[in-house]
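Sharing a structure here in structure tokens format.
The values are calculated or read from the model by the stated rules, or taken from the named source; none is laboratory data. Keep in mind the model is a prediction, meaning the values are calculated, not measured. Cβ: placed from backbone, ideal geometry, glycine included. Neighbour counts: every protein chain shown. Ligands, DNA and RNA are stripped out before the accessible areas are found, and what is left, the full protein with its side chains, is counted by its heavy atoms. Shrake-Rupley method; radii C 1.70, N 1.55, O 1.52, S 1.80 Å.
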Amino acid sequence: MSQKQRKPLGIWGQILLGFGVFILVVGALLWLFQMVLLEPFYRGVKTAEVKGAAESVVRCLEDDDMKEEVREICLNTGINIVVTDEVGRMLAGWKASEKESYLENLSQSRSALAALFNDVNLQGGSKLLVAKSPFVNQDGSQDEVILYVSVVRTPTGLNRMVAMESVVTPVDSIRETLLVQVTVLTVAMVVLGVLLALVIARRISRPLTEINNSAKALAEGDYTIRFEEQGAREVRELSRTLNYAAGELSKVEGLRRDLLANVSHDLRTPLTMIKGYSEVMRDLPGENTPENVQIIIDEAQRLTDLVNDLLDLSKLEAGVLPLEKARFNLTESIRQILHRYDKLADYRFPFHGEEDVWVEADELKISQVVYNLVNNAITYSGEDKTITLTQQVEQGKVRISVTDTGEGIPQEKLKDIWERYYKVDKEHKRAQMGSGLGLSIVRNILEMHGGQYGVTSQLGKGSTFWFELPLAPSQGELGEGSAR
Ligand code: ADP
């Protein structure tokens, strides 16, 4: 049983769908209002008009020129009006058109008017009636009329009946016109909607298609590719992000290439030495000297160090090396590290750190930081072969600095040296020393501890690498604290 996966709609399809729904809704609303609700709307408006006119008539019932005023209202509104008293005597009666009028017929008979008065009076004072006119037009149609009768008592106590009659023009003819209009409008909307959807979709999708092509090239390893920053804001942002990603990828790629070159060279040099010396020692018995054996041991050590660095860094970066934090005496730890350098007789390692400070950290890893910094300082140290270590305590923190008087580092390279595999002077220093991993390991360890670190350097004068760790209370303080 294979279930076919439906292809998702493209931008063009989605926008078109959106417009389609929109047009459908607007069209339906138009149709509803124009076609279905037109008649009730119209009738409602007409009824309100008739009632309004009746109120105007009521207001002028006691005026001297009441008759004239009623005529005026009749002509202005096109409503037939009759005013009587309670016994059906006509006080005013006006017809707005030549058309036959139900009201006119009624007013021929005084008794009928009086009966209407009584009837309406009994029903609460007013009566509204919408009905077919009893008269047939020439074309056989029958008008619809609104009849509105109101019985009032004037302020001076006169009883009056105001009867109004208005013809509701049939809306059928209007409806036909409107139908054509709505149809034309709908067609226009559909055409416009499709065109608009096409334009919008193209504007959005073209840059996306280009980004897609560039991203494919990027995926295939073309790191020089640039993403055009064009189109909508979000698309521009996407391009910017992808450009950033491409930049980072190309950096990593460069580092990877460097690593391969470095590591293979760094592995080959000691291996060549070991192989060469071993062969010489095998073939020439006289060469089997302790010095030569030492060279082999030293080279093997270099290999071991390199492989260890690589392993350490990859473990640190993968986060599989957890911090084993404990309180320890940092000052003592540094003294012990420096002690191991005693055999480098021609180097001096002055250490300015009088009082012992305690920190809460992973001692092994912090030692590695100090080792790496001191080793670098030795590698790049100057003629005087002095590496100065300083310990400063300030605001609950201890700062350890390692200063050499070597060649220094150009300002613009200061940021890069912490990157893995980075070396300032690739050509000359490579054969001499390290793999470019030492500072990267330092950075990783210090960041794991949340410690600050940095470097200041002057070309030709030397560099100072430093790091900071928060202080833990010293052994003495702890003891006092618990005694209190
Ligand atoms: P490496 O194994 O090459 O020493 P590091 O990561 O320890 O790698 O150092 C990166 C680069 O920083 C070195 O190649 C060197 O160019 C520069 N560097 C590090 N420490 C010093 C220093 N004390 N003086 C001058 N340059 C240094």
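Among the candidates Leu75, Leu38, Leu32, single out the residue that is free of Cβ contacts under 8 Å to residues at least 12 places away in the same chain, under 25 Å from Ile174 (Cα atoms) and of a type in the set (A, V, I, L, M, F, W, C).
Leu32
Would you check which residues across segment 1-17 are open to solvent by 40 Å² or more (accessible area, probe 1.4 Å) and part of a helix (DSSP H, G or I) and list them?
Ile11, Trp12, Gln14, Leu16, Leu17 - these are the residues of segment 1-17 that are open to solvent by 40 Å² or more (accessible area, probe 1.4 Å) and part of a helix (DSSP H, G or I).
Can you name the condition, by its number, that Phe349 falls short on among (1) within 54 Å of the chain's Cα centre (by Cα); (2) closer than 21 Å to Phe467 by Cα; (3) open to solvent by less than 70 Å² (accessible area, probe 1.4 Å)?
(1)
Specify the residue that is farthest from Ala472 (Cα to Cα); the eligible residues are those in segment 311-329 that are in contact with a helix residue (DSSP H, G or I) (Cβ under 7 Å, 6 or more places away or on another chain) and aliphatic (A, V, I, L, M).
Once the filter is applied, the top-ranked residue is Leu313.
Among the listed residues Val171, Val136, Val167, which satisfies the condition of being farther than 20 Å from Ala54 by Cα, surrounded by 14 or more Cβ atoms within 10 Å (Cβ to Cβ) and among the aliphatic types (A, V, I, L, M)?
Val171
Residues of segment 449-466 being closer than 18 Å to Lys397 by Cβ and either near the ligand (Cβ under 9 Å from one of its atoms) or crowded, with 17+ Cβ neighbours inside 10 Å (or both), which ones?
His449, Gly451, Tyr453, Val455, Thr464, Phe465, Trp466
I've got another one for you. State whether the residues of segment 383-395 include one that is in contact (Cβ under 8 Å) with a residue 40 or more places away in the chain and within 12 Å of the ligand (Cβ to nearest atom).
The answer is yes, given that some residue of segment 383-395 is in contact (Cβ under 8 Å) with a residue 40 or more places away in the chain and within 12 Å of the ligand (Cβ to nearest atom).
Could you say whether any residue in segment 254-266 is of a type outside the set (A, V, I, L, M), surrounded by 12 or more Cβ atoms within 10 Å (Cβ to Cβ) and at pLDDT 85 or above?
Scanning segment 254-266 turns up no residue that is of a type outside the set (A, V, I, L, M), surrounded by 12 or more Cβ atoms within 10 Å (Cβ to Cβ) and at pLDDT 85 or above.
Now, a different point. Of the residues Ala96, Ala92, Ala114, only one is without any contact (Cβ under 8 Å) to a residue 24 or more places away in the chain, surrounded by 12 or more Cβ atoms within 10 Å (Cβ to Cβ) and either out of contact with any Leu (no Cβ under 8 Å at 6 or more places or on another chain) or of a type outside the set (S, T, N, Q) (or both); which?
Ala96
Right, next: Within segment 354-369, how many residues turn out to be open to solvent by less than 60 Å² (accessible area, probe 1.4 Å) and away from the ligand (no atom under 13 Å from the Cβ)?
Residues in segment 354-369 being open to solvent by less than 60 Å² (accessible area, probe 1.4 Å) and away from the ligand (no atom under 13 Å from the Cβ): 8 in total.
How do the pairs read when you match residues in segment 287-310 that are closer than 16 Å to Arg268 by Cβ with residues anywhere that are open to solvent by less than 60 Å² (accessible area, probe 1.4 Å) and in a helix (DSSP H, G or I), using Cβ under 6 Å and keeping only pairs 6 or more apart or on different chains?
These pairs meet every condition: Ile296/Ile274; Glu299/Pro270; Glu299/Ile274; Arg302/Pro270; Leu303/Pro270; Leu306/Asp266.
Out of all the residues in segment 117-146, which are in a strand (DSSP E or B) and free of Cβ contacts under 8 Å to residues at least 12 places away in the same chain?
Residues satisfying the conditions are Val136, Gln142.
Across segment 225-248, what is the number of residues that are under 21 Å from Glu419 (Cβ atoms) and surrounded by fewer than 16 Cβ atoms within 10 Å (Cβ to Cβ)?
Count: 4.
Between Lys413, Lys385, which is touching a strand residue (DSSP E or B) at 6+ places or on another chain (Cβ under 8 Å) and among the charged types (D, E, K, R)?
Residue meeting the stated conditions: Lys385.
Matching residues to (1) of a type in the set (Val, Ile, Thr); (2) more than 30 Å from Val369 (Cα to Cα); (3) not in a helix (DSSP H, G or I):
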position: Glu237; (1), (2), (3): no, yes, no
position: Leu271; (1), (2), (3): no, no, no
position: Lys275; (1), (2), (3): no, yes, no
position: Ile295; (1), (2), (3): yes, no, no
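Scan segment 398-424 for residues that are more than 27 Å from Asp312 (Cα to Cα) and more than 8 Å from the ligand (Cβ to nearest atom) and jot them down.
Thr405, Pro410, Gln411, Glu412
Looking only at segment 298-305, decide whether some residue is open to solvent by 80 Å² or more (accessible area, probe 1.4 Å), out of contact with any strand residue (DSSP E or B) (no Cβ under 8 Å at 6 or more places or on another chain), farther than 30 Å from Val359 by Cβ and part of a loop (DSSP other than H, G, I, E, B).
Scanning segment 298-305, I find no residue that is open to solvent by 80 Å² or more (accessible area, probe 1.4 Å), out of contact with any strand residue (DSSP E or B) (no Cβ under 8 Å at 6 or more places or on another chain), farther than 30 Å from Val359 by Cβ and part of a loop (DSSP other than H, G, I, E, B), so the answer is no.
Taking the stated definitions as given, is Thr186 surrounded by fewer than 15 Cβ atoms within 10 Å (Cβ to Cβ) and in contact (Cβ under 8 Å) with a residue 12 or more places away in the chain?
The answer is no for Thr186.
Report, by residue number, each residue of segment 191-220 that is within 11 Å of Ala246 (Cβ to Cβ) and either over 27 Å from the mean Cα position of the chain (by Cα) or open to solvent by 40 Å² or more (accessible area, probe 1.4 Å) (or both).
Across segment 191-220, the qualifying residue is only Ala219.
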